[in-house]
Amino acid sequence: MITIAILLLILLALMGAPLYAIILGAAALGFYTLDIELAVLHIDIYQLSNSVVLMALPLFTFAGFLLSESKTADRMLRLSQAAFGWMPGGMAFVSLIACAFFTALTGGSGVTIVALGALLLPALVKGNYPERFSLGLVTSSGSLGLLLVPSVPLLIYGIIAQQMSQQLDMPPVEIVDLYLAGLVPALLMIVLLYGYCVWATRGAAKAGHPIPRQPFDFRELVDALWEARWELPLPIVVLGGIFSGFLVVSEAAAVTALYVLVAEVFLYKEITLRKLPAIMRDSMIMVGGILLILAVALAFTDYLVYAGVPEKLFTLIQTHVESKIAFLILLNILLLLLGALLDIFAALVIMVPLILPVALRYGIDPVHLGVIFVANMQIGYITPPVGMNLFIASYRFKKRVTELFASTIPFMLVLIVALLMITYIPQLSLWLVR
Amino acid sequence: MTALLRWLHRIEDGLIVAVLLFMILLAVAQIVLRNFFGTSLVWIEPLLQNAVLWIGLLGAMIASRKDEHIRIDVASTLLPEKYHPFLTIGVDLFTAFICGLVAWYSVGFVIEEYEYATPAFAEVPSWLLQAIIPVGFTVMAVRYVLLFLMALVGKRPRMQEPVA
Amino acid sequence: KISTLYPDGTTIVTGLKDAGKEIAEKTEGRVKLKIYPGGVMGDDRAVERKIRIGQLHGQIAQGGAFASAYKDSQILNVPLAFNNYEEVDAVRAELDPEIQKGLEAGGWVSFGLIDGGFAYVMSENPVRSLDDLRDQKLWLPANDEASAKAAKAFELSPIMLNIGAVLTSLQTGAINAFAAPPVAALTLQWYSRVNNVTDMPLLYTFGLLGIHKKYFGRLSAEDQKTVHEVLEATFAKLDAESRKENLSAFQAVQQQGLTVVKPTDEQFKEWKTYADRATAELVEEGEISQAMLDRLNAILAKQREGQ
Ligand code: NA
Ligand code: NA
């Protein structure tokens, strides 16, 4: 009976039922088998109103829509070409750096693609990068900065680990250490991806569609800077606000939204007041789709935890693993699988308390574990079925999830190489710390 | 019927724009209060957090008008267009059923919450903040029933990947 | 099925799991405790809702979480009521059973309180007087009516943030003072961002396990008795252990380099005046009954006389 219901859900998913309905169906089925009143679905969905970071999603999304409705992409393209166009794969490099910074700032809530993807994709395509390559680059870069200060997932890991350090025999886990430890791995990912970009687009020149390289021109750089004068202070406002202690992340998002609103509507005057409500509404339709999936994922996660599924999964693995290397390999596989299914915050909250004590027994440094954890989850953003970057890119670029996933595969492989290096060479994470 | 729909659309659009505007203004007001006046208002934080829920459900309701939800559509890419109505009929009925199921239990819970009369914060009753969940899922359920009916007469919008 | 915000591996969760094993043995498997630690089931409010629909049956939480069932359970949280743990113990010896009875009438079966320690003010700059505190950027938990009211009574303008944002906000300077039991300040690493601790027991805190009567009543009378016996013994032990942890945590924050500052008698009197005003307001609003407050004061007077 239950098996039939599960098969039916899978069939409906393949037939094209909205993902939220499938997840809800799975959660409802699970709770039903446990004899729990289904009002629990309501309670879990209401938990959506319980997050401090989540507010950043609608606000950054709105700011991103405003930026993409005005000519910011052109200004950004001009400026980055002026600054980095002389490098091989200059625009790809710009994309990587910009995404990493933006994701770090927005705490991995998935808004990078909204705010930056809409600028970078047209710029990349204009710069003669193949469309499929560009889509893959932007979609997979949308979670690149999760290991950089002030990323929220790393912070959440740190808080959970600190709570546990009281009970366990382990070195202390300072948040600052985690951010220091994340630095080199994040740079490694950027360097490897950049290397891949240069290598992948080398063929284009041979095929007769060379990616134009722009000779460096100081005058052009100054002009481009002046043209972008109202938008350039934005990163300074956001970074400065957070580091000076003026703003928490969600507030930085509010300031960004207001700042961009003023800049595009009143300073650049590229968006009329009359067009504003429609832009607000359209951006919030997209946010609604994502928030709904997040909400029902909360219900599904609740079912998993309630039924003790993660523990069962883990005990199973624990009984079959002996060496540290074997544990790390399995850890990577498990986290990649979890990343494919769960939202990053849910995965952290559920899995860190389960994995940390065991990892300590295998002699893994808790700071290193944090970096491994988040690096894994970063790849989870582009793995189906639950890959936030795929969903957001799908909304933003009006592409199929399957098509987007196909375009991210080479980038994912590069990221997995980086992940393996990060996992098996602890010094990459720890040399700034210990 | 059309007039009713148009009103509903207007209310949804108006609400979602208003909630977003309030969100920006309140958050900025809180920042100004804290950094320049060294204080903060108790009710702003919970109100902002609930606004996220409202935006989520209002957005989801609007997205259901033309079924612009995230999906994995393997079948519609593989099958020729003429079979698509068979897909949508099954899918729409299922989605309407699931939305209706949530709405049903949600209504029950919110009524109970009303009877418990727990304030969420300040004087705002928590049932009012939660009410968007049953309302949202009811509207979505109705919309999928309508989509199902439209498919029967061949007027359903094409099943598609979301278009924002 | 019991939820708690205490993380897995803490004394309390481990103690409870052991108690669960004992209960299962003694009732031949008829009663089992399943613990969901670390807040995986959500915050107090979500858990309360889940208890209402029967997904969960009880929770270990701060006393405040049960205040709606029995308002006078807040009597131990009266600001500046106690000068030391001897006074707490004297009061608890008499009022614990009372609170337990009141909670049971309100629908919660409980098995004894667990010491949560005194909350102290910890801050970047030394806080001796109320004005000192008013000059600091004081953190209070968002979504917490009780502490918001207290702040108002003390004429403080606090900064409300969720608990998860406290550490970063301390690091960036968005806040630079908070009131918390030393154990919490240690576990959450908040202590590392402040320099001073004010040696004045601002508030007594406690936790307890409440199982809803609806579900507890389903057990046979005999099983109920077993559960009571085992859990009451467990909680008595946990209470004592927590007390020890709280005392050593106060030493530990000093060893971590925090300077202990003490208000002068004059300054303390001012604190006390405001605290009494806050308490009077609580009584006025019906949060605490006058009768209960009188009892508290009577016990304290007797205890102080005896010294
Ligand atoms: Na994921
Ligand atoms: Na994924």
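Read the figures in this text as sums done on the coordinates, not as results from a lab. For clarity, every value in this text was computed on a predicted model and none was experimentally measured. Methodologically, a virtual Cβ is constructed for each residue, glycine included, from the backbone with ideal geometry; neighbour enumeration extends over all protein chains shown.
List of remarks:
- Residue among B:ASP67, B:ASP13, B:ASP92 with the largest mean-square fluctuation in a Gaussian network model of chain B, springs linking Cα atoms under 10 Å: B:ASP13
- With viscosity 1.567 mPa s and temperature 4 °C, the Kirkwood radius over alpha carbon pairs of the stretch A:372-417 converts through Stokes-Einstein to a diffusion coefficient of 121 µm²/s.
- Dipole-positive endmost among B:PHE94, B:PRO46, B:HIS84 within the stretch B:2-152 (Cβ charges, Cα centre): B:HIS84
- Using the rule -39500 (n - 2.57) for each DSSP H run of four or more residues, divided by the residues of chain B, the 222 nm mean residue ellipticity is -25500 deg cm²/dmol.
- Cα-centre dipole for chain C with unit charges at Cβ (Lys and Arg positive, Asp and Glu negative), debye to 20: 980 debye
- For the stretch B:2-152, the dipole from Cβ point charges (+1 on Lys and Arg, -1 on Asp and Glu) about the Cα centre works out to 380 debye, to the nearest 20.
- The stretch C:12-39 and the stretch A:30-70 have their alpha-carbon centroids 33 Å apart.
- Of C:ALA69, C:ALA184, C:ALA221, the residue with the greatest mean-square motion in the GNM of chain C, using alpha carbon springs below 10 Å, is C:ALA221.
- P(r) of chain C over all Cα-Cα pairs, binned every 10 Å from zero, in whole percent: 6, 26, 35, 24, 8, 1, 0
- Placed amide H near C:GLY117: partners under 5 Å, 5+ positions off or other chain: C:THR205
- Karplus-derived HN-Hα couplings along the stretch A:5-20 (A = 6.51, B = -1.76, C = 1.60, θ = phi - 60°), whole Hz, x at Gly and Pro: 4, 5, 4, 4, 4, 4, 4, 4, 4, 5, 6, x, 5, x, 4, 4
- The stretch B:2-152 - convex hull of the alpha-carbon atoms, volume per residue in Å³: 133 Å³
- Residues B:GLU112, B:GLU45, A:GLU231, arranged from fewest to most other Cβ atoms within 10 angstrom of their Cβ, appear as B:GLU112, A:GLU231, B:GLU45.
- Of the trypsin sites (Lys or Arg not before Pro) found in the stretch C:14-117, those that fall in a DSSP loop while having at most 15 other beta-carbon atoms within 10 Å are C:ARG30, C:LYS32, C:LYS34.
- Computed about the Cα centre, the dipole magnitude for the protein assembly as shown is approximately 3180 debye when only Lys and Arg (+1) and Asp and Glu (-1) carry charge, each at its Cβ.
- Structure-based [θ]222 nm, chain C - -39500 (n - 2.57) summed over DSSP H runs of at least 4, per residue, nearest 500: -15500 deg cm²/dmol
- Residues of the stretch A:76-92 with amide N under 11 Å of a point placed 7 Å along Cα→Cβ from A:LEU221: A:82-86
- Legend: Rg and Dmax of the stretch B:1-86, from Cα coordinates, 20.0, 65 Å.
- Proxy reagent accessibility, fewest Cβ within 10 Å first, across A:HIS320, A:HIS42, C:HIS57: A:HIS320, C:HIS57, A:HIS42
- Of every Cα-Cα pair in the protein assembly as shown, the percent that sits beyond 48 Å: 24 percent
- Computed from label points 7 Å out along Cα-Cβ, the spacing between A:SER323 and B:PHE86 is 5.3 nm.
- Listed residues C:ASP18, C:ASP265, C:ASP89, most fluctuating in chain C (Gaussian network, C-alpha, under 10 Å): C:ASP265
- Amide hydrogen neighbours beyond the local backbone of C:TYR36, cut-off 5 Å, H modeled: C:ILE2, C:SER3, C:THR4
- DSSP bridge orientation in the protein assembly as shown - percent antiparallel, rounded to nearest 5: 65 percent
- Ordering A:GLU37, C:GLU241 by the number of other Cβ atoms within 10 Å of each residue's own Cβ, fewest first, gives C:GLU241, A:GLU37.
- Inter-part distance where the stretch C:236-307 and the stretch B:25-89 are each reduced to a Cα centre, Å: 46 Å
- Those trypsin sites (Lys or Arg not before Pro) in the stretch A:263-315 that DSSP places in a loop and that have at most 12 other beta carbons within 10 Å: A:LYS269
- Look at the dipole of the protein assembly as shown built from charges on Cβ: of A:TRP226, A:MET1, A:TYR306, the Cα furthest out on the positive end belongs to A:TRP226.
- The stretch C:191-307 shape via C-alpha gyration tensor axes, a/c threshold 1.5: oblate
- Lys/Arg +1, Asp/Glu -1 at C-beta; the protein assembly as shown dipole; positive extreme among C:GLY15, A:LEU337, C:ALA184: A:LEU337
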